[in-house]
Amino acid sequence: MNILVYPHKILKQKARPVENIDGKLQKLIDQMLDTMYLAKGIGLAANQVGVLKQLFVMDITPSGETPEPVTVINPRIIDSYGEEVQDEGCLSVPSYSASIRRPAGVMLEGYDRDGKPIRMEAEGLMARCIQHELDHLYGICFVDRLSSLKKAIFRRKWAKIRQQNG
Ligand code: NI
């Protein structure tokens, strides 16, 4: 699948809740996972492949280890705590990263690819990835969370990067 690049308008739109978890949706999930692994990413939200459905895939397993794909459908953060500043990147904003402040831990609810309810607590990279992907489903890209000064610097850098990549 083709990964949409910032500032594509679909990246700014809100995804709609999934109503049916069926074979068609599972095929989409498999394609999203393939696309994510191929791009060497750790997370991918449906918006990023042009589908406005509330679902994301992730795998934070270090490369070389057995993959542990996670799919979350209709995700909701029901609790969060702490605060952490870490570098983030995004498959829709290639060749760019910036530090972003976010809660350090989250409690997440949703459904897995078989429609089974999920409830999990996450910290560190996993918590960051969950929040980043959930943002996508609300039309927010991590660069939208930069301060206005940093955003101005990003815009200049991004224009240059896009020019170089044609
Ligand atoms: Ni992203």
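Structure notes:
- Test result for residue 10, surrounded by 19 or more Cβ atoms within 10 Å (Cβ to Cβ) and β-branched (Val, Ile, Thr): no
- Scanning the stretch 1-17 for residues that are more than 14 Å from the chain's Cα centre (by Cα) and either charged (D, E, K, R) or under 20 Å from residue 156 (Cβ atoms) (or both) returns 7, 8, 9, 16.
- The residues of the stretch 5-17 that are assigned to a helix (DSSP H, G or I) and touching a Cys at 6+ places or on another chain (Cβ under 9 Å), listed by number, are 11, 12.
- Strands (runs of 3 or more DSSP E) wholly inside the stretch 18-114 that include at least 1 residues being among the acidic types (Asp, Glu) and either farther than 30 Å from residue 156 by Cβ or within 16 Å of the ligand (Cβ to nearest atom) (or both): 70-81, 84-89, 105-111
- Filter result for residue 105 (small (Gly, Ala, Ser), surrounded by 15 or more Cβ atoms within 10 Å (Cβ to Cβ), touching a Lys or Arg at 6+ places or on another chain (Cβ under 9 Å) and free of Cβ contacts under 8 Å to residues at least 40 places away in the same chain): no
Each reported figure results from applying straightforward, stated rules to the coordinates on display, with no laboratory input. Values in this document were obtained by computation on a predicted structure and should not be read as measured data. Counting neighbours? That spans all protein chains shown, and the Cβs are built from the backbone with ideal geometry, glycine included.
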